[in-house]
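The next block holds one structure in the form of structure tokens; read it before the comments.
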Amino acid sequence: MTTTTVTLDGRSLALEDVRAVARDGARVAIAASVRERLSAARAVVDELAAGDRAVYGINTGFGALAEVRIPREKVQKLQYNLIVSHAVGVGAPLPFAEARALLLLRANTLAVGHSGCRVRVLDELVALLNAGVAPYVPEKGSVGASGDLAPLAHTVLLLLGEGPALVDGRVTTAKEALARAALEPLVLEAKEGLALINGTQAMVARGTLALLEAERLCRLADVIGGLSLDALQGTNVAFDPRIHRARPHAGQSTVAANLRRLLDGSELLAAHKDCGKVQDPYSLRCMPQVHGATRDALAYIRSVLEREVNSATDNPLVFLDGDYDVAGTSVLSGGNFHGQPVALALDFLAIAIAEIANISERRVEQLVNPALSSGLPPFLAKEPGLNSGFMILQVTAAALINENKVLSHPASTDSIPSSASREDHVSMGMTAANKAASVVENVRRVLGIELLCACQGVDLRGQLKSSAPLQAVFEEVRRSVPFAPEDRLFHDDLEAIERLMASDALLTSARSGGYEVQ
């Protein structure tokens, strides 16, 4: 639990803030300026709700039913019906951290000030976050067009006190969750249901946490790749800065510099300096080009998500300046809820991070294949034949990569019209987010397999040590997974290395060896 407080103003939420609240339990506050903006926009909605003019989302039906006028006395019922009719998600619930991220992002988009909801609604979302509560949100059911309608409707059910919810990660009832936050079920007023479910926050919540993990895995990939290179008696010549100045992609140059620092001072590297080997295979030699290209892709994806988390994504939007039409204000219908910018970025995320696993598995093959491993025993087994060694770890990596290749097919190239073709083009952004999250998890597993193989290879090289940062990483692994002199239940090793890969211990160890993680 962190003591950090993240203050929402609708304009400056950072992706790291999302993680701090969602995973680390940071508290949330609301900027004073937000309350002023929300109150002013709400006054406009109240005036329209009391009037005779038909305004979408305030006193009309929704989607293809937008031309149906709703009587003033039924506006609250309209909002309730909207939520319960749209809460039709299916499948497993979002993990607790992702559900909290969704709640935070919805609060921040309301804080932008164009949604027209009461300040009370934002206060209650923040109270739920600070009480360790999250909505129970099935991961499937959104096409990402009028936003993530089904996931967000399930989120609003929590405010209404209906259905299941999550408290500290365990499933409970929404009423119990509200009581934990000292709240009563909320009665939605005009436009508030629509203000809460139009938007991209489900795909962005899942995508943001997947991106942050992908960025961390890129940093780990350089470290693990460096250890594999040492175990395989590779060379650092391909990381010479002159090569990378001749093709100055930012990510490529960063990775090359990382590998130079990681390998500096390695006894293993120095021991075969004059071995006569001319070139390493691409999975070693081209780490800057491959790892770097993924880093550059992730930088673009980050820029999209940074804009999206501080955007107004519902409809209609209330503006307090510009061209006036009602009560000195503009209420305009548009399409900011459409998930296309995010869908494309998250498809790119799956493709880009999958390449880290692709090249990692090829380094695993170099380590376990005696025809390629520069003298290491077959499958890294001390007594091959009697022992299968790490033979099937490479098979597991291959299976995960095959799954990634299927999941990397873009979701955003598909569109299935909905709502009687009023919503005649959709983004499929939530599908892209779900796929990207699965790919990231698979990549972490593959890198963990490579790390196990690299450490086994270093052990088999004898008494020579790697560089200070890589040796520190090696020793951190060995505290959880000892050298394998013979076959054992390697599934246990995989689970141990997964726990290590999911923590900050490996990068912390590299730092302790003098490596500046980038």
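The values are calculated or read from the model by the stated rules, or taken from the named source; none is laboratory data. All values reported here derive from a predicted model rather than from experimental measurement. So basically every Cβ, Gly included, is an ideal-geometry build from the backbone, and we count neighbours across all protein chains shown. Accessible surface is based on the protein model in full, side chains and every heavy atom, while ligands, DNA and RNA are left aside. Shrake-Rupley method; radii C 1.70, N 1.55, O 1.52, S 1.80 Å.
Taking the condition open to solvent by less than 10 Å² (accessible area, probe 1.4 Å) and closer than 30 Å to MET428 by Cβ, does GLY334 pass?
Working: open to solvent by less than 10 Å² (accessible area, probe 1.4 Å): no; closer than 30 Å to MET428 by Cβ: yes.
Taking the combined requirement at face value, the residue does not satisfy it.
Can you tell me which of (1) farther than 18 Å from LEU451 by Cβ; (2) more than 31 Å from the chain's Cα centre (by Cα); (3) small (Gly, Ala, Ser) is the one GLY429 doesn't meet?
(2)
Hey, can you tell me all the residues within region 242-291 that are of a type in the set (D, E, K, R) and farther than 22 Å from LEU232 by Cα?
Listed by number, the residues that qualify are ARG242, ARG245, ARG247.
Take the residues of region 262-280 that are among the small types (Gly, Ala, Ser) and in a helix (DSSP H, G or I): which is surrounded by the fewest Cβ atoms within 10 Å (Cβ to Cβ)?
Taking region 262-280 first, the residues among the small types (Gly, Ala, Ser) are 265-266, 270-271, 276.
With in a helix (DSSP H, G or I) added as a condition, the list becomes 270-271.
Numbers: ALA270: 11, ALA271: 14.
Filtering region 262-280 for residues that are among the small types (Gly, Ala, Ser) and in a helix (DSSP H, G or I), the one surrounded by the fewest Cβ atoms within 10 Å (Cβ to Cβ) comes out as ALA270.
Return the only residue of SER283, SER303 being farther than 14 Å from GLN518 by Cβ, in contact with a Lys or Arg (Cβ under 8 Å, 6 or more places away or on another chain) and not in a loop (DSSP other than H, G, I, E, B). So that I can check it myself, show each step before the final result.
Values: SER303 fails: in contact with a Lys or Arg (Cβ under 8 Å, 6 or more places away or on another chain).
Going through SER283, SER303 in turn, just one is farther than 14 Å from GLN518 by Cβ, in contact with a Lys or Arg (Cβ under 8 Å, 6 or more places away or on another chain) and not in a loop (DSSP other than H, G, I, E, B): SER283.
So which residues in region 448-470 are buried (at least 24 other Cβ atoms within 10 Å of the Cβ) and farther than 22 Å from GLU486 by Cα, if there are any at all?
Those that are buried (at least 24 other Cβ atoms within 10 Å of the Cβ) and farther than 22 Å from GLU486 by Cα: SER466, SER467, PRO469, LEU470.
Check whether at least one residue in region 500-509 is closer than 22 Å to LEU149 by Cβ and open to solvent by less than 10 Å² (accessible area, probe 1.4 Å), and report yes or no.
First pass over region 500-509, keeping only residues closer than 22 Å to LEU149 by Cβ: none.
There is no residue in region 500-509 that is closer than 22 Å to LEU149 by Cβ and open to solvent by less than 10 Å² (accessible area, probe 1.4 Å).
Could you pull out the residue among GLY113, GLY91, GLY144 that is open to solvent by 10 Å² or more (accessible area, probe 1.4 Å) and under 25 Å from VAL18 (Cβ atoms)? Quick ask: steps written out before the conclusion?
Values: GLY113 fails: open to solvent by 10 Å² or more (accessible area, probe 1.4 Å); GLY144 fails: open to solvent by 10 Å² or more (accessible area, probe 1.4 Å).
Step by step, each of GLY113, GLY91, GLY144 is checked, and only GLY91 is open to solvent by 10 Å² or more (accessible area, probe 1.4 Å) and under 25 Å from VAL18 (Cβ atoms).
If you check SER466 against the conditions, is it touching a Ser or Thr at 6+ places or on another chain (Cβ under 8 Å) and not hydrophobic (A, V, I, L, M, F, W, C)? First the steps, then the outcome.
On the way: touching a Ser or Thr at 6+ places or on another chain (Cβ under 8 Å): yes; not hydrophobic (A, V, I, L, M, F, W, C): yes.
Taking the combined requirement at face value, the residue satisfies it.
Within region 24-43, is there a residue that is closer than 15 Å to ALA190 by Cβ, basic (Lys, Arg) and either open to solvent by 40 Å² or more (accessible area, probe 1.4 Å) or assigned to a strand (DSSP E or B) (or both)?
No, region 24-43 contains no residue that is closer than 15 Å to ALA190 by Cβ, basic (Lys, Arg) and either open to solvent by 40 Å² or more (accessible area, probe 1.4 Å) or assigned to a strand (DSSP E or B) (or both).
Out of the residues in region 393-441 that are closer than 18 Å to LEU211 by Cα, assigned to a helix (DSSP H, G or I) and of a type in the set (A, V, I, L, M), state the one that is most open to solvent (accessible area, probe 1.4 Å).
LEU407
So which of ALA221, ALA202, ALA214, ALA195 is more than 21 Å from the chain's Cα centre (by Cα), in contact (Cβ under 8 Å) with a residue 24 or more places away in the chain and either crowded, with 24+ Cβ neighbours inside 10 Å or under 21 Å from PRO95 (Cβ atoms) (or both)? Let's see the steps before the verdict.
Working: ALA221 fails: more than 21 Å from the chain's Cα centre (by Cα); ALA202 fails: more than 21 Å from the chain's Cα centre (by Cα); ALA214 fails: more than 21 Å from the chain's Cα centre (by Cα).
Of the residues listed, the single one that is more than 21 Å from the chain's Cα centre (by Cα), in contact (Cβ under 8 Å) with a residue 24 or more places away in the chain and either crowded, with 24+ Cβ neighbours inside 10 Å or under 21 Å from PRO95 (Cβ atoms) (or both) is ALA195.
Could you tell me whether region 367-381 includes any residue that is open to solvent by 10 Å² or more (accessible area, probe 1.4 Å), in contact with a Leu (Cβ under 8 Å, 6 or more places away or on another chain), without any contact (Cβ under 8 Å) to a residue 24 or more places away in the chain and not charged (D, E, K, R)?
Checked region 367-381: at least one residue is open to solvent by 10 Å² or more (accessible area, probe 1.4 Å), in contact with a Leu (Cβ under 8 Å, 6 or more places away or on another chain), without any contact (Cβ under 8 Å) to a residue 24 or more places away in the chain and not charged (D, E, K, R).
Can you tell me which residues in region 168-192 are open to solvent by 20 Å² or more (accessible area, probe 1.4 Å) and of a type outside the set (D, E, K, R)? Before the answer, list the steps.
Step one: list which residues in region 168-192 are open to solvent by 20 Å² or more (accessible area, probe 1.4 Å), which gives 168-171, 173, 175-176, 179-180, 182-185, 187, 189.
Scanning region 168-192 gives GLY169, VAL171, THR173, ALA179, ALA182, LEU183, PRO185, VAL187.
Among VAL75, VAL68, which is surrounded by 13 or more Cβ atoms within 10 Å (Cβ to Cβ) and of a type in the set (Val, Ile, Thr)? Give the steps one after another, and end with the answer.
Working: VAL68 fails: surrounded by 13 or more Cβ atoms within 10 Å (Cβ to Cβ).
Matching residue, one of VAL75, VAL68: VAL75.
Select the helices (runs of 4 or more DSSP H) contained entirely in region 444-518, then report the ones holding at least 3 residues which are touching a Gly at 6+ places or on another chain (Cβ under 9 Å). I'd like the intermediate steps shown before the answer.
Numbers: elements: 468-480, 490-501, 505-512.
The qualifying helices (runs of 4 or more DSSP H) are 468-480, 490-501.
Would you list the helices (runs of 4 or more DSSP H) that sit entirely within region 59-171 and hold 3 or more residues that are touching a strand residue (DSSP E or B) at 6+ places or on another chain (Cβ under 9 Å) and touching a residue at least 40 places away in the same chain (Cβ under 8 Å)? Spell out the reasoning first.
Working: elements: 75-86, 96-111, 119-130, 149-160.
Those helices (runs of 4 or more DSSP H) span 96-111, 119-130, 149-160.
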